[in-house]
Amino acid sequence: MATYKKRGYKPETKAEQQEFDEQESTTAEVFSSLDEGASRSEEWVSKNQNFILGAIGVIAISVLGYLAYDQFVEKPKEASAANEMYYPQQYFDQALVATNAKDSLFTLALEGAEGKYGFLDIIEEYNGTKAANLANYGAGMSYLNMNNYQEAITYLEDFSSDDAVLGALAKGGLGDAFMQLDQASDALGYYEAAVKHSGNDYTAPKFLYKAGITALEMGDKDKALGFFQKIKDEFPKSENANSIDAFIGMAKSGE
């Protein structure tokens, strides 16, 4: 077993002298190995200095490049796309309240006019921007109102939003499109998704009602009853609650 040697220690016997010499030799070897390791590290750094500096340079250039792209390309692109949305949005809003020529206005919203972009142009030219995402919503709803249900589905599926109203309306619009294509099961799934997206007083009772009607048509009265009852209990002041007792009665009939 190794013993602690005080400073100034001198071996008294030949055996102790031999042990002392061995320890001194081992210590010297350890420090020699450390020196050699340090020398090799310094040598590697020296040999690869250009590589190291180059790697640092690449990282720095990448960061600066990203910042420059964001500042001088991405932000101006977003601003330009947002400006282009003004014209098709006007036509879209007019179409929603128009009593005639609705399809013509929706077409102008989709395709643009007088050198101005429509929703479809913005989607293509400004792909990846917030405006292009909103243009997907506008295009999908335009096609839905023009009874072009397949196109409506295509564009509404490309739209995404956390907004309580827009997100729910998009999912509900998909439900309407599938319902018109006689795909009631898909429609019901989207109506339920619309309700789940937001429980606000505007969209939730609207799509609970549509979900209930769809479930009735599918012959699932229990599920329909759940939707109608939720309108009665949670949204009693909504427009859809006005005649909800009659639908609850329909869902309960035959129980």
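Bear in mind that the values in this text are calculations on the coordinates, not laboratory data. Bear in mind that the values here come from a model prediction, so they are computed numbers and not experimental data. Every residue, glycine among them, receives a Cβ derived from its backbone with ideal geometry; neighbour counts consider all protein chains shown.
Structure above, values below:
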| item | result |
| --- | --- |
| Whole-Å distance, taken between Cα centres, linking region 69-134 and region 209-255 | 38 |
| Above-threshold pairs, the threshold being 19 Å between Cα atoms, out of Lys196/Lys230; Lys196/Lys232; Lys77/Lys171 | Lys77/Lys171 |
| Label point distance in nm, Gln94-Ala113, each placed 7 Å from Cα along Cα→Cβ | 0.5 |
